[in-house]
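Quick notes on the structure that follows.
What follows is calculated from the coordinates using simple rules that are stated; it is not laboratory data. Since this is a predicted model, take the numbers as computed values, not measurements. Here the Cβ is made from the backbone with ideal geometry for all residues, glycine too, and neighbour counts use every protein chain on show.
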Amino acid sequence: MSDVYVMGIDMIKFGRFPERTVPQLGAEAALLALDDAGLDIRQMEAFYCGNLLQASAMVGQRILQEIGQTGIPVINCANACATGATAFREAWAAIRAGLYDLCLVVGVEQMGKAGLLGGGGGGRGIPTEGLLGSGLMPAVFAEAGMEHARKYGTTFEQFAKVSVKNHHHSTMNPKAMYQIETPLETVMNAEMIAYPNTKLMCSVNVDGAAAAVLASERKARELGMGRAVRVSASVLTSDPYTDRDLVMPDVNTCTRQAAKRAYEMAGVGPEDLDLVELHDCFATAEILHYENLGLCAEGEAGKLIDEGETALGGRIPVNVSGGLLSKGHPLGATGVANVYEVATHLRGEAGRRQVEGARVGLTHVIGLGSACGIHILERVAS
């Protein structure tokens, strides 16, 4: 089986674009990634498109109508917040299996200000929303954060420090939706959404698109490996059955299983990572995922944020892009945008936010319901 390489990757600046269509946003990202690879659509052998909110609209085909219809197979993916990561993995798997040498991947979403709160209640029978906890995402991750606080003493201030860190990182990322500092007091005094998450501790609803060109090793060597990034692990999991309290959604197991498999596939451990882009849909989620990804021991995530170890310049920088809290979270695009961020650091092209000497990075997204996608990327040795 062939190794797979990222040959081109880019994203548009996340924001709100009510005057544009989803295919137009995706097409812009696709052309940016093709330009980055020095290739064009006529050289692509398959196209994998991730989009959630318009999943039935054949978004991939509509993007090709914008940039060139060449008759290649188009695969449209929808998998909650892991949609973009799923599209990326499907292209990776097809190249690894020998079906193609070059694939285009696009993740795209147009959310405006509405967002996606998550599904509680509805359907037939007795509605469970409000009776058996809440299925709304702010409540789910608030509850998970409070359970971590109960077990380990994690404080409101520690959760808030995640937002302070990620907003600071975003000031160095010109493609982030928000590029503003949010001091600790400002974060803690913001409108409370679901304790302990204030408004500034919740991910930003934005429109966005990101794209990547993936290549087999044979094709990568033919094109030149100077800026190539190897995908050393690609893992997608769903929740296994576990005995649990139905009032408490399990936001951890899916990630823990994916991380274990990804480290085994790549032949690395969390101690080998130079940076991580993880799914900080809420500040509480980032704290939980420090432990889920093995970045620290059980119960030590609060200490990790207190000591600045996950900030730029720390032992293991996390969400140097600004994360979902500040860069934004366009559902179908997030998984590919995370890969863009890590690949940019591995290429040494991240500017003011560059993680110096970065050689190995991990991306993580989780769609509650359930799906988790993890990719480990490595700089190609020169």
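What the phi angles of the range 190-202 give under the Karplus curve with 6.51, -1.76 and 1.60, with θ = phi - 60°, is a coupling list of 5, 3, 7, 9, 7, 3, x, 8, 7, 4, 7, 10, 10 Hz, glycine and proline written as x. Both numbers refer to the Cα atoms of the range 159-249; Rg and Dmax are 20.1, 55 Å.
Cα centroid separation, the range 345-382 to the range 46-116: 20 Å. Residues in the range 289-294 carry Karplus couplings, in order, of 6, 4, 7, 4, 8, x Hz; the curve used is 6.51 cos²θ - 1.76 cosθ + 1.60 with θ = phi - 60°, and Gly or Pro positions show x. Straight-line cross-link partners of LYS165 among the aspartates and glutamates, defined as a Cα under 14 Å from its Cα and at least 8 positions apart when in the same chain: GLU157, GLU181, GLU185, GLU277, ASP280, GLU286, ASP306, GLU307, GLU309.
Would you kindly state how much longer the chain becomes between MET192 and ARG150 on full extension, computed as 0.36 nm times their sequence separation minus their alpha carbon distance, in nm to one decimal? Please list the in-between numbers first.
Numbers: separation 42, 0.36 × 42 = 15.12 nm, distance 1.97 nm.
Gain on stretching MET192 to ARG150: 13.2 nm.
Largest first, the extents of the alpha carbon coordinates of the range 319-382 on the three principal axes equal 41, 23, 13 Å.
Listed cross-link partners LYS161/LYS327; LYS151/LYS175; LYS13/LYS219; LYS175/LYS260 are compared with a 26 Å cut-off, the Cα-Cα value being larger for LYS151/LYS175; LYS13/LYS219; LYS175/LYS260.
Residues in the range 166-171 carry Karplus couplings, in order, of 5, 5, 4, 4, 5, 5 Hz; the curve used is 6.51 cos²θ - 1.76 cosθ + 1.60 with θ = phi - 60°, and Gly or Pro positions show x. Label point of GLN65 set 7 angstrom out along Cα-Cβ; within the range 3-28, amide nitrogens under 11 Å from it belong to 23-24. Along its principal axes, the range 198-240 has C-alpha extents of 50, 31, 15 angstrom, given from the largest down. Length available on full extension from ASP245 to MET265: 0.36 nm per residue minus the Cα-Cα distance, which gives 4.0 nm. Taking the Cα centroid of the range 178-212 and of the range 225-243, what is the distance between the two, rounded to the nearest whole Å? So the two Cα centres are separated by 27 Å.
Summarising the amide proton neighbourhood of ASN197: residues at separation of 5 or more, or on other chains, whose placed amide H is nearer than 5 Å comprise an empty set. Entry note, the chain: relative contact order of 26 percent, from Cα contacts under 8 Å with a spacing of 6+ residues. Full extension of the chain between ASP40 and LYS13 gives 7.6 nm of extra length, using 0.36 nm per residue less the Cα-Cα distance. When you count the other C-beta atoms within 10 angstrom of each residue and take the mean per peptide, 178-190, 330-342, 77-89 line up highest first as 330-342, 77-89, 178-190. One compactness figure for the chain is 0.93, namely its Cα radius of gyration divided by 2.2 N^0.38 Å.
Counting only cysteine Cβ atoms and a cutoff under 4.7 Å, the chain contains unmatched residues CYS49, CYS77, CYS81, CYS103, CYS202, CYS281, CYS296.
Per DSSP helix of 4 or more residues, -39500 (n - 2.57); summed, then divided by the residues of the chain. What does that give at 222 nm, rounded to the nearest 500? Can you show the working numbers first?
Details: 12 runs with 132 residues, N = 382.
Dividing the helical sum by the residues of the chain leaves -10500 deg cm²/dmol.
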